[in-house]
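Note sheet for the following structure.
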Amino acid sequence: MQRAALRLRRQGRRIALVPTMGALHEGHLSLVRLARRHGAVVVLSIYVNPTQFGPREDFASYPRPFARDRRLAADSGVDILFAPKNLHADDASTTVSESALSRGRCGAFRPGHFDGVATVVTKLFNLTQPDVAVFGQKDAQQCDVVERLARDLNFPVKIIRAPIARDAAGVARSSRNAYLSAAASAVAGQFAAALRQAVSVSDARRRLATVSGLRVQYVEAANNRLCAAVFVGHTRLIDNVPLKKRRG
Ligand code: PAF
């Protein structure tokens, strides 16, 4: 991958990276479309990165529908599908760690998660040599951390935040939505609606407390956005919306 990327760069081609963990859905495809507008060659990476999952999280059961992903990638105009089996040496001993923006929100409940993300994103940047990289705004804190990483480590990569893709019920698209039953999907719709209507953290907490079948992990304001994580059954969902000015 790195040799191919360096060759493309020598030819003066621009590279746009869309990093994913696969189980592609419309949200990822919207990232690919955005990447197309920024780079001549679109590289989509699929790698379920073990180092960003906690010991009790869903690494083993994370959906891996590779044949379908390959078809969707080809149909959506991806030029290079980069799907390594393993990117981490067994005795790897170097970690990239962002120590400010990765605190709070998801970072408070997923210790080590953003170290895993920052390290694998660094590796993916080195392997794919992108001019631009597209990340979904649904993972707001990830976007914050990756922007800081690119700035602090002087990666010559422009980070693009893609708007959140939502389904007809307003639920932010996520590979983990595949875990939801019809009843749980309805609860996820109420989660999205409550967040959309909320004008503050306390208002969001109040609204979410009235939704049955949902357990709030956190609601926090950060970077002018109202961010929340909830559990619907065993499925953890995150979402964020612009923070509205409080009326009246
Ligand atoms: O957002 C994701 O799918 C992952 O966190 C990423 C950026 C591909 C790193 O593994």
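The values are calculated or read from the model by the stated rules, or taken from the named source; none is laboratory data. Source: prediction; values computed, not measured. Remember, those area values only see protein heavy atoms, side chains included, never the ligands or the DNA or RNA. Shrake-Rupley method; radii C 1.70, N 1.55, O 1.52, S 1.80 Å.
Assorted remarks:
- Per residue, the chain exposes 50 Å² of accessible surface when a 1.4 Å probe is rolled over the protein heavy atoms with every protein chain present.
- Treating each Cα of the chain as one equal point scatterer and applying the Debye formula with no solvent, the log10 of I(q)/I(0) at q = 0.09, 0.10 Å⁻¹ comes out as -0.39, -0.49.
- Built amide H within the under 5 Å cut-off of residue 199, gap 5+: 204
- 5 Å binning of all Cα-Cα separations within region 150-196, expressed as whole percents from 0 upward: 5, 18, 22, 15, 8, 9, 10, 9, 3, 0
- With both residues required to sit in the chain, DSSP beta bridges show an antiparallel share near 50%.
- Span-like helix ranges in the chain, DSSP H, alpha carbon extent 15 angstrom or more, Kyte mean at least 0.0: 113-128, 182-197
- Taking the protein heavy atoms of the chain in the context of the full set of protein chains, the accessible area attributed to carbon and sulfur is 50 percent at 1.4 Å.
- P(r) of region 1-41 over all Cα-Cα pairs, binned every 10 Å from zero, in whole percent: 28, 44, 27, 2
- Taking 20 °C and 1.002 mPa s as conditions, region 199-242 diffuses translationally at an estimated 202 µm²/s according to Stokes-Einstein applied to its Kirkwood radius (Cα pairs).
- Close amide H contacts of residue 222 (hydrogens built in the peptide plane, cut-off under 5 Å, sequence separation of 5 or more or a different chain): 227.
- The smallest convex shape that holds all Cα atoms of region 52-135, its convex hull, gives 141 Å³ per residue.
- Radius of gyration (Cα atoms) of region 125-186, expressed as a multiple of 2.2 N^0.38 Å: 1.43.
- Most fluctuating residue given options 48, 32, 216, as computed from a GNM of the chain linking Cα atoms under 10 Å: 216
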